[in-house]
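The values are calculated or read from the model by the stated rules, or taken from the named source; none is laboratory data. In this text the structure is predicted, and so the values were computed from the model without any measurement. A quick note on method: Cβ atoms are made from the backbone with ideal geometry, for glycine too, and the neighbour counts reach across all protein chains shown.
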Amino acid sequence: MHLRGGITSRIASSLPTASTIQNMRFACAAGAMVSWRPMCATTSHEEKKRNRLNLKRTTPLKRTPFISIPKPPKGPRPKKCKNRACRTSYIPDPSQPWKDWCSVDCGTVLAIEKLAKQKAAKEKSERAEAKRRKEQGMSIRERLAALQVLVNRYVVLRDKDENCISCPMPAHYDGAWHASHFKSVGSNSNLRFNLLNIHKGCAQCNLFKSGNIAEYEKRLRLKIGDDRVEWLKTADRSRVYDHDYLIRFSIIMRRKIKRLEKRRGSSS
């Protein structure tokens, strides 16, 4: 009888009370998920460990082999014809991928252009070689004359927008323009290539009036100043030029002419 009473009391203690049932009803009415578990159903440490062991996978995972799906072969990409007059898109022949033309006519035009470029490059190299050989065998007198041509050309380009240094001849005059020396070349070899001594002048003043020095000096003082004009008058007159100086100065003048022509072309 005592055993039955103990079992009955134990079962009664595990059942929910009236207040617990009332709280569960309120929670269900509010929409909450409530799970009731009696106090006697608490799991021990051994049971938890046993449950974790049961959750482990008994068989190892198998690695599935990677299967690559072959892509469909790509056809040749369309190209544009290299002929500037054509520029038509075409599908190249796989057996001749180096072809850059769409038809026989375009190929002929490209071949002619290529031959013309090769011929022009060959002629340019031959002219440069002939010029180099000619310069190597030039005398002092020939180098002086060649350098004077370069200096005169540079002076005319430099003073392109200026009037004549010896007269009021305007810059847009269609006649010939010269590089006029303030101190002559024959009596002042030291100032022969000095750019302060050379300025643009018309052919009438330079050839028929010996430079018109009186007007030349007046306009030169306004252009470069009195101090530089006085220095030109008192500078040393004679000088002996050697090959090395003439070669170096010729290279400098060619670069200056090229730079000035490029600047004039871009400005115009």
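Worth pointing out:
- Near pairs, Cβ below 8 angstrom, 6+ apart or cross-chain, from region 134-162 (free of Cβ contacts under 8 Å to residues at least 24 places away in the same chain and at negative phi) to any residue that is surrounded by fewer than 17 Cβ atoms within 10 Å (Cβ to Cβ) and in a helix (DSSP H, G or I): Met138/Ala146
- Count of residues meeting criterion [part of a loop (DSSP other than H, G, I, E, B) and polar (S, T, N, Q)] in region 115-140: 1
- In region 211-268, the residue that is farthest from Lys131 (Cα to Cα) out of those that are polar (S, T, N, Q) and surrounded by 14 or more Cβ atoms within 10 Å (Cβ to Cβ) is Asn212.
- Residues in region 84-114 that are under 30 Å from the mean Cα position of the chain (by Cα) and part of a helix (DSSP H, G or I): Leu110, Glu113, Lys114.
- Taking the criterion of being surrounded by fewer than 18 Cβ atoms within 10 Å (Cβ to Cβ) and either of a type in the set (Asp, Glu) or under 17 Å from Arg219 (Cβ atoms) (or both), the residues of region 159-194 that qualify are Lys160, Asp161, Glu162, Asn163, Cys167, Pro168, Pro170, Ala171, Tyr173, Asp174.
- Restricting Lys218, Lys200 to those that are within 12 Å of Ile165 (Cα to Cα) and assigned to a strand (DSSP E or B) reduces the list to Lys200.
- The condition of being modelled with pLDDT of 90 or more and either among the polar types (S, T, N, Q) or farther than 25 Å from Arg141 by Cα (or both) holds for only one of Ile213, Ile252, Ile257, Ile198, that being Ile213.
- Tally, over region 175-193, of residues that are within 18 Å of Ser238 (Cβ to Cβ) and out of contact with any His (no Cβ under 9 Å at 6 or more places or on another chain): 8
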